[in-house]
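Scroll down for the structure; my scribbles are underneath it.
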Amino acid sequence: MKLLRYNHNGVISIGAKSGNDVIELSNSDSDISHNMLDLISNWTQMEDEIEEKIESRVITIPLSEISLLPPLENPGKFLAIGMNYQKHRAESVDAGITPPRNQMWFSKQISSINGPNGDILKPDSTMMLDYEVELAFVVGKECYLVKAEDAAEYIFGFMICNDISMRDWQMHNMPDRIELMIGKSHDSHGPIGPWIVTSDEIPDPHNLKLECFVNGELRQSSNTDDMIWNCYEQIEYLSSAMTLNPGDIIATGTPPGSGFSPRGASGKADKERKGNVFLQSGDVVRCEIELIGSIENSVV
């Protein structure tokens, strides 16, 4: 199922997407929480009631009449891995960045979370605002010292993340080191959504086409099969150092073609494309992932 948070006539609710409609799940006649984090944390107790509501379609609202909100507003963690696609690693080497030997993680601050259609703020403090389409997964239950072969059962679902990055902030301490957290945590720089697709609807998260468009121009185009460390290996690595909790968001890396690279959408050399194609006010960024959907955000 596709679970979402939305605003309808000033009321925030949780629903399930069904075609072009939303089935309202959290209302005055329901025990289902209005908080997605609570719902995920209590999924075992809530799942039957949710499925009954979806089947009965008691209250439905056209998608066109609602405003989509971030599927999760208050996760405990928002973690992201750097340089996790083979071809993205190659373009990073082109830029003079030494690739990591092991998984390289950073936190995007929770205050950066943005909706699937919210505006992306371009602050005056950056001239190098960049886009990064990513597959994100949501942890479904407490997870500590979990092996990769067992990790699938700890994933609640999947969504899209645009890991907006201020590249000049990332280079504040270059060449000695690249900054990650502060250059990727500005307010509004974590658009997610448009909904959480539960893991039973994603048979193989490591075979999904993902693309990013800026003003309709294809900038990134790849498949999640290009990941160096897959979702399950990421869970093993992270859970060996910390407990992952229900609702934690994990962004799994971006493919080649982001604005800092002279390479084309597929990661190949592109003589027609100039490097440093950064976002400007008025740009519209659209991220799409197969079986999930799309998010689209304007830069202001």
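Computed from the coordinates by the stated procedures, all read-outs in this text should not be read as laboratory data. The structure displayed is predicted, hence computed values, not measured ones. With ideal geometry, Cβ positions are generated from the backbone for all residues, glycine too; neighbour counts draw on all protein chains shown.
Just a few scattered comments:
- Selected from ILE59, VAL22, MET46, residue furthest toward positive end of dipole (the stretch 2-69; charges at beta carbon): VAL22
- Restricting the stretch 80-161 to trypsin sites (Lys or Arg not before Pro) in coil, as DSSP defines it, with at most 14 other Cβ within 10 Å: ARG101, LYS147
- Annotated for the chain: lysine pairs at least 8 residues apart or interchain, Cα distance under 21 Å, count 19.
- On the beta carbon distance between SER111 and ASP168, with R0 = 22 Å, the FRET formula returns roughly 0.60.
- The relative contact order of the stretch 38-157, computed from alpha carbon pairs under 8 Å that lie at least 6 residues apart in sequence, is 24 percent.
- Helical mean residue ellipticity (222 nm; -39500 (n - 2.57) per DSSP H run of 4+; nearest 500) of the chain: -4000 deg cm²/dmol
- Length-normalised contact order of the chain in % [C-alpha pairs under 8 Å, at least 6 apart]: 23
- Gain in span if fully extended, THR98 to GLU65, counting 0.36 nm per residue against the direct Cα distance: 7.1 nm
- Summing Lys and Arg as +1 and Asp and Glu as -1 over all other residues whose Cβ lies under 11 Å from the Cβ of GLY118 gives a net charge of -3.
- Inter-label distance, nm, simple model (7 Å from Cα along the C-beta direction), GLU217/ASP48: 5.6
- Among (1) 23.4; (2) 19.5; (3) 20.3, the entry that matches Kirkwood radius over Cα pairs in Å as calculated here: (2)
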